[in-house]
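Contents: one structure, followed by commentary.
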Amino acid sequence: MSQGLSGSQIVSPAMPYMKPLKTNPQSSTLKDVKSQKCGLRHTVFSVSGNEYTGEWQHDKKHGKGTQVWKKPGAIYNGDWKFGKRDGYGTYSVLIPESEEYSRKYSGGWKNGKKHGYGTYFYNNSEIYEGEWSEDLRSGWGRMYFQNGDIYEGEWLRDKHHGQGLIRFSNGNWYEGTWRNGKKSGNGRFYYSDKGMLYEGFWVDGIAKCGTLSDPERDKAPTPAKYPIPKLHLTDMELVLNEAKSSYTDQS
């Protein structure tokens, strides 16, 4: 005899247990972050054949790294900041004949351009060492030219500008002010073959007014036949200043 149910009870059919879904709105963001290149990585190749080995941050070259460009054949090794050369680094180009890299520039970079102090090697054996600003020689620097001339002084946007001294390969030299690559303002020019010294005022590379003397006449290889006579003016400075003012008033 079956045993009945006691009292008043309601029995429901068994229901399966469903685990509530947990939504995470940040999951897609985390996947994006994990997929980005960050930290030290092995070499990463691009479809163009270029390759980079070094550090990354937020999917950009950042830190120390080496970039190789297949075309035109160049390599950069140094500091990066958010995808651009920034800090200290060396840029070299490939020499097709030897298949070796030749250094072109070593020094400071900012926002992908030469900036700060650095040394640049030109194709014709000319060398510049000094300050840069946005890929241009600006500030103090020394330039060794292929013909043997050497300029040391101030630069502005790739031109002599400010105070500077140039020594020519023939022994002559000029020391004074420059403007847009030309002698402008007060300066001195020495002629080594004659032992003569010109001191005066220049405009756009042309001597306008000044004095000429021969202090090293005895040491010069080809001095003038007669020595330069001394000036006998009551006020030589007044005469020079009046002559100079006629040019400065026009500028």
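Listed here are the strands (runs of 3 or more DSSP E) enclosed by the range 72-121 that have at least 1 residues being open to solvent by 30 Å² or more (accessible area, probe 1.4 Å), more than 17 Å from ASP135 (Cα to Cα) and without any contact (Cβ under 8 Å) to a residue 24 or more places away in the chain: 74-81, 84-95, 100-110. From the list TRP140, TRP132, which residue is open to solvent by less than 20 Å² (accessible area, probe 1.4 Å) and either over 20 Å from TRP202 (Cβ atoms) or touching a residue at least 24 places away in the same chain (Cβ under 8 Å) (or both)? Just a single option satisfies the conditions, and that option is TRP132.
For the range 223-237, the set of residues classified as surrounded by 10 or more Cβ atoms within 10 Å (Cβ to Cβ) and either under 20 Å from ASP193 (Cα atoms) or at pLDDT 75 or above (or both) consists of PRO223, ALA224, PRO227, ILE228, listed by residue number.
Here's the yes/no breakdown for (1) within 14 Å of the chain's Cα centre (by Cα); (2) within 30 Å of LYS183 (Cβ to Cβ); (3) β-branched (Val, Ile, Thr); (4) modelled with pLDDT of 95 or more:
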residue	(1), (2), (3), (4)
PRO72	no, no, no, no
TRP80	no, no, no, yes
ASP86	yes, no, no, yes
TYR91	yes, no, no, yes
LYS110	yes, no, no, yes
GLU129	yes, yes, no, yes
ARG142	yes, yes, no, yes
ILE150	no, yes, yes, yes
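Whether a residue is modelled with pLDDT under 95, out of contact with any Pro (no Cβ under 9 Å at 6 or more places or on another chain) and farther than 27 Å from HIS160 by Cβ was assessed, and VAL203 does not pass this test.
The values are calculated or read from the model by the stated rules, or taken from the named source; none is laboratory data. Please read all numbers here as calculations on a predicted model, not as lab measurements. Cβ atoms come from the backbone with ideal geometry, glycine included; neighbour counts cover every protein chain shown. Remember, those area values only see protein heavy atoms, side chains included, never the ligands or the DNA or RNA. Shrake-Rupley method; radii C 1.70, N 1.55, O 1.52, S 1.80 Å.
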